[in-house]
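Computed from the coordinates by the stated procedures, all read-outs in this text should not be read as laboratory data. Worth saying up front: this structure is predicted, and the values here are computed from it rather than measured. Heads up, the Cβs are rebuilt from the backbone with ideal geometry, glycines too, and the neighbour counts pull from every protein chain shown.
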Amino acid sequence: MNDFKALNLSSDLMRALESMKYSVPTPIQAQAIPVGLEGRDLIGCAQTGTGKTAAFAIPMITTLINHPGKTGLILAPTRELAAQIVTVIEELSRWLPLRAALLIGGVPMGSQLRALDRRPRILVATPGRLVDHLQQRTVSLSSVGVFVLDEADRMLDMGFQPQLNQILRHLPAQRQTMLFSATLPPDVMSLAAKHLQDPVRVNAGPASKPVECITQEVRRTTHADKNKALASEIQARRGSVLVFARTKARTDRVARMLRNLGHDVDRIHGDRTQSQRTQALEGFRQGRFRILVATDIAARGIDVPHIEHVINYDLPQCPDDYVHRIGRTGRAGAGGSALALVTPEDEQQWREIRRKN
Ligand code: AMP
């Protein structure tokens, strides 16, 4: 699909897309919108910047136009993201009688109560504030027909599971659920297994390929020998190393193991406070720690100019994250190396990564 016209969207929506200068759907939009329009549940593996907001907003708006009794709920982990989503929805529904309300923390309740009085058809919320409204019975989710969970991995990483469970209890069982996540760690997959019905999975990351100047290597190992393999690879290398692990617990474990071997190491993941993360990054940047161990989520957006090696202790779960990870070395033509530790259990995932990159 290389044209929005093929989707049979309402003329008001098409007009909005035109005014937003969206003429060609992005890969995630091309894959997710038809599935969303069918009303099916969906797991979208995509990060911010891929056009995922419109990928879920277009089907949601279309369903709400066709079903006047239904409402939509979008949950996002941060206030900033929630606010951005509302902006996109307002642009898309510019010529439509649909109102969206933003329910986020840090804002007085009064203005949100007034927004709720105006009967919004779409609620965009962060989990904590939505739970506050539910507890005070200032919002009802009984008419939600389309539910979107955006950046699910970050949501769980930030510890929102309890709030999420509370919210899910208020949602009708009969609904469409679309889950978007940049990575698909086990906790996200088990959330999906519990709350999505027969979901279609779509993948779309940045279309970029690894930069030429990065040397890519693979070392075959086993689960039992992985730590030894990592230690010897670090020993054999000079310069800074960014190590990616799959989970927070694994990140902690790898960092501890390397520290016990006498390396200067720090770590970043979602359970560390903002100031701990900042300190770790600063220390890495200044060369106080030669090694930084990180989860994908925590590492997103970090800009450390001097990384010489990226080691994939665990492979990324989304093949598209691979490019993202290894793109952290070899910046600005500086050269760099990327190594993947691959166990027999990883082979299929590794093939998938190779195929895509
Ligand atoms: P998102 O990942 O939803 O935050 O979108 C990333 C950026 O891409 C935003 O600035 C959008 O306005 C823009 N965008 C999304 N979809 C399209 C499209 N089909 N054509 C052009 N720009 C787009």
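Here are the numbers for this structure:
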quantity: Hits among lysines - C-alpha to C-alpha of Lys226 under 25 Å, sequence gap 8 or more where chains match; calculated: Lys248, Lys356
quantity: Sequence-distant aspartates and glutamates (8 or more away, or on other chains) whose Cα lies within less than 20 Å of Lys21; calculated: Asp3, Asp12, Glu90, Glu91
quantity: ³J(HN,Hα), Karplus 6.51/-1.76/1.60, whole Hz, each residue of region 168-175, x for Gly, Pro; calculated: 4, 5, 8, 8, x, 5, 7, 6
quantity: Crossing angle, helix 27-37 versus the chain [Cα axis fit, 0-90 degrees, rounded to tens]; calculated: 40
quantity: In region 47-149, the trypsin sites (Lys or Arg not before Pro) that fall in loop regions by DSSP, at most 14 other Cβ within 10 Å; calculated: Arg94, Arg99, Arg118, Arg137
quantity: Estimated dipole of the chain in Debye, rounded to 20 [Cβ of Lys and Arg +1, of Asp and Glu -1, Cα centre]; calculated: 360
quantity: Amide H within-cut-off set for Arg267, under 5 Å, with H built and near neighbours excluded; calculated: Val293
quantity: Interchain or long-range residues, amide H under 5 Å from Arg201's placed H; calculated: Ile43
quantity: In degrees, nearest ten, helix 186-195 long axis to first principal axis of the chain (Cα); calculated: 20
quantity: Helical mean residue ellipticity (222 nm; -39500 (n - 2.57) per DSSP H run of 4+; nearest 500) of the chain; calculated: -12500 deg cm²/dmol
quantity: Estimated D of the chain in µm² per second, where Rh is the Kirkwood radius over Cα pairs and Stokes-Einstein applies at 4 °C, 1.567 mPa s; calculated: 60
quantity: Charge-dipole axis of the chain as Lys and Arg at +1 and Asp and Glu at -1 on Cβ define it, positive-most pick from Leu315, Val241, Leu17; calculated: Val241
